[in-house]
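Read through the structure below, which is laid out as structure tokens, and then see the notes.
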Amino acid sequence: MMKLLEEAIIYATIMHQGKTRKLNKIPYIFHPLEVAQILATLTDDEEIITAGILHDIVEDTDGSMEEIESRFGKRVALLVASESEKKYPGEDKSLTWQRRKEDSILVLKNSTDIGVKMLWLSDKLANIRSIARAYSELGEEMWKSLNQTDPEKHRWYYQSIAETVELSLNKTGAFKEFIKHINFIWPGTFDSEKTRYKKYKEVSVEGCKIIGRGAKGEVYRYDDELVIKVFNENNTYHDVEMEIDLSRRAFILGIPTAISFGIVSVGNKYGAMYELVDSEPLSNFIARAPGQVEVYAKMMSDLAHTIHDIKIDNFVFPLVSERFNSYLDGGLMIENEGLGKKCKALIDRLGNYKTVLHGDFHTGNVFLLKGEPLLIDMGRVSQGHPIAEISDVYYFYVSLGLDDPSNVEKFMGFSYATSKRYFDFFLSQYLNTDDEIILNEITEKAAILCYIRLINKYHKKGKPTAFEQKRISEFIEKITSLLEKYDTLEF
């Protein structure tokens, strides 16, 4: 172990020679050594500790990932890569700060390597120790010396990291110290209980039947009375808390909503437990009786009206335009900024409405309990124009199958042909019309939002493949053509 670490220390010392830390002007090498020391309290894995010593080489020196892999091995290089921010050559670092942080946090959220989480926590703990010391001496003046001078942006960054590593590392002293420093600089960011020992109830879903799938996770039948929604790995404890809070607010407004009675740990993921006796998702009923799809589409249409008939005077929920603008920024704005700005003007108007929207409205998120529909996923509840909800339905039942019909079949549990019939029935029932001109107009408006969402989906995974780039070009052509036809998405 010592040989690898010693070589890393010598290499890092040479590469960082002459450089100093921004806030306290001490030799830069002290920072990676501090990170390594913190890592040593979390693990004895020499590759992880070595990565701590080398984590700033690629980002802050002329060292390369290839050289690190050659000298220290592939895993060390992968760990270092997780901490190396994407560069935007020729652009001011202060102007690219938000983009760089968003890109890097996405890497952290998508990683399944505990070493990545340990490395991130150790590096950010070392950083926030330095920030806390400077803040105690200089106060608000300290922020002026950083690339990002807005303290609230820094709060968002450190809070996001803490929420992402919490499930894996919440019992460690490093995590608790991290939370203390965050609360010192930004009081009230976290409940002070997080700095104390806490153990989440641990359950296993091994052998349990999957009865539903959604964008945020899977739903399991735990026993005759309980179901557990297991969230994807990139969902933090805060995300689960927020969904439960939104569920309660929706329930108070009269939306038929299942309320979770507890957050649990399921392996390295979070879960929410619900009491749903003798119930299952509506998708299962359609899968067993596809000939009855019109009946279930009518049931979902009625449920949509129950939700959409609720109007709120104040901003109880996020604006739906915020979600679709995030899709826009993550894809179309990168591909075609001019077209993106035209779409943004239309999307912004969708947030001017006081209608409550579910935001993830599909039959996998609706359980039948004694013949009555009950919503189980409220993490995207928002307010805005219903075309956004219709667009979501079009996305789940039509758009997801454009490249591969099996995508819908796996997600919904029934055929793509049945899925498209479901959408047609749903839209006709929701609008209470069989007029093909009206139905086609609303479908095309919904499709504009879906194309924006799909372009974002292709970009979200990294650089689009040749096939994906071809599809992106097709979607841009369709959006351009439809915007010549429509000057509003509303109806």
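The values are calculated or read from the model by the stated rules, or taken from the named source; none is laboratory data. A quick note: this is a predicted structure, and the numbers were derived from the prediction, not measured. FYI the Cβ positions are ideal-geometry reconstructions off the backbone, even for glycines, and counts take in every protein chain you see.
Things worth noting here:
- Enumeration of residues in the range 64-108 that are among the basic types (Lys, Arg) and either closer than 20 Å to Ile49 by Cα or surrounded by fewer than 16 Cβ atoms within 10 Å (Cβ to Cβ) (or both): Arg71, Lys74, Arg75, Lys86, Lys87, Lys93, Arg99
- Test for Leu54: is it assigned by the TED database to the domain that holds Thr172 and under 15 Å from Ser84 (Cβ atoms): yes
- Candidate set from the range 233-269 (those that are among the acidic types (Asp, Glu) and closer than 27 Å to Val408 by Cα); member that is surrounded by the most Cβ atoms within 10 Å (Cβ to Cβ): Glu243
- Selection from the range 212-232 of residues that are surrounded by fewer than 18 Cβ atoms within 10 Å (Cβ to Cβ) and either touching a residue at least 40 places away in the same chain (Cβ under 8 Å) or under 15 Å from the mean Cα position of the chain (by Cα) (or both): Ala215, Asp224, Glu225, Leu226, Asn232
- Candidates Lys311, Lys229 - the one that is in the same structural domain as Thr418 (by the TED database) and not aliphatic (A, V, I, L, M): Lys311
- Test: Ala126 is out of contact with any Phe, Trp or Tyr (no Cβ under 8 Å at 6 or more places or on another chain), among the small types (Gly, Ala, Ser) and either touching a residue at least 24 places away in the same chain (Cβ under 8 Å) or surrounded by 14 or more Cβ atoms within 10 Å (Cβ to Cβ) (or both): yes
- With respect to the stated conditions, Ser382 fails to be over 26 Å from Phe317 (Cβ atoms) and touching a residue at least 60 places away in the same chain (Cβ under 8 Å).
- Selection status of Ala174, out of contact with any Asp or Glu (no Cβ under 7 Å at 6 or more places or on another chain) and either of a type in the set (A, V, I, L, M) or more than 17 Å from Ser82 (Cα to Cα) (or both): yes
- Only one of the numbered conditions (1) part of a helix (DSSP H, G or I); (2) touching a strand residue (DSSP E or B) at 6+ places or on another chain (Cβ under 7 Å) is violated by Phe367, and that is (1).
- The lone exception for Ser326 - which of (1) part of a helix (DSSP H, G or I); (2) among the hydroxyl-bearing types (Ser, Thr, Tyr); (3) surrounded by 19 or more Cβ atoms within 10 Å (Cβ to Cβ) it fails: (3)
- Restricting attention to the range 11-63, the residues that are under 14 Å from Val76 (Cβ atoms), among the β-branched types (Val, Ile, Thr) and surrounded by fewer than 19 Cβ atoms within 10 Å (Cβ to Cβ) total 1.
- In the range 1-40, the residue that is farthest from Glu69 (Cα to Cα) out of those that are charged (D, E, K, R) and not in a loop (DSSP other than H, G, I, E, B) is Glu34.
- Filter result for Phe423 (in contact with a Phe, Trp or Tyr (Cβ under 8 Å, 6 or more places away or on another chain) and at pLDDT below 95): no
- Residue identified as among the β-branched types (Val, Ile, Thr), in contact with a Ser or Thr (Cβ under 7 Å, 6 or more places away or on another chain), assigned to a helix (DSSP H, G or I) and surrounded by 20 or more Cβ atoms within 10 Å (Cβ to Cβ) among Ile347, Ile390: Ile347
- The listed residues are Gly371, Gly379, Gly401, and the only one of them that is among the small types (Gly, Ala, Ser) and modelled with pLDDT of 90 or more turns out to be Gly401.
- Residue within the range 138-147 that is in contact with a helix residue (DSSP H, G or I) (Cβ under 9 Å, 6 or more places away or on another chain), more than 25 Å from Lys117 (Cβ to Cβ), aliphatic (A, V, I, L, M) and surrounded by fewer than 16 Cβ atoms within 10 Å (Cβ to Cβ) present: yes
- Scope the range 464-473; condition of a type in the set (D, E, K, R) and either surrounded by 12 or more Cβ atoms within 10 Å (Cβ to Cβ) or not assigned by the TED database to the domain that holds Asn432 (or both); matching residues: Glu468, Arg471
- The range 420-440 residues that are closer than 15 Å to Ser399 by Cα, paired with ones that are surrounded by 13 or more Cβ atoms within 10 Å (Cβ to Cβ) and of a type in the set (Gly, Ala, Ser) (beta carbon under 7 Å, 6 or more apart): Tyr422/Ala297
- Residues that are more than 15 Å from Asp403 (Cβ to Cβ) and part of a helix (DSSP H, G or I), drawn from the range 461-491: Ile476, Glu477, Ile479, Thr480, Ser481, Leu482, Leu483, Glu484, Lys485
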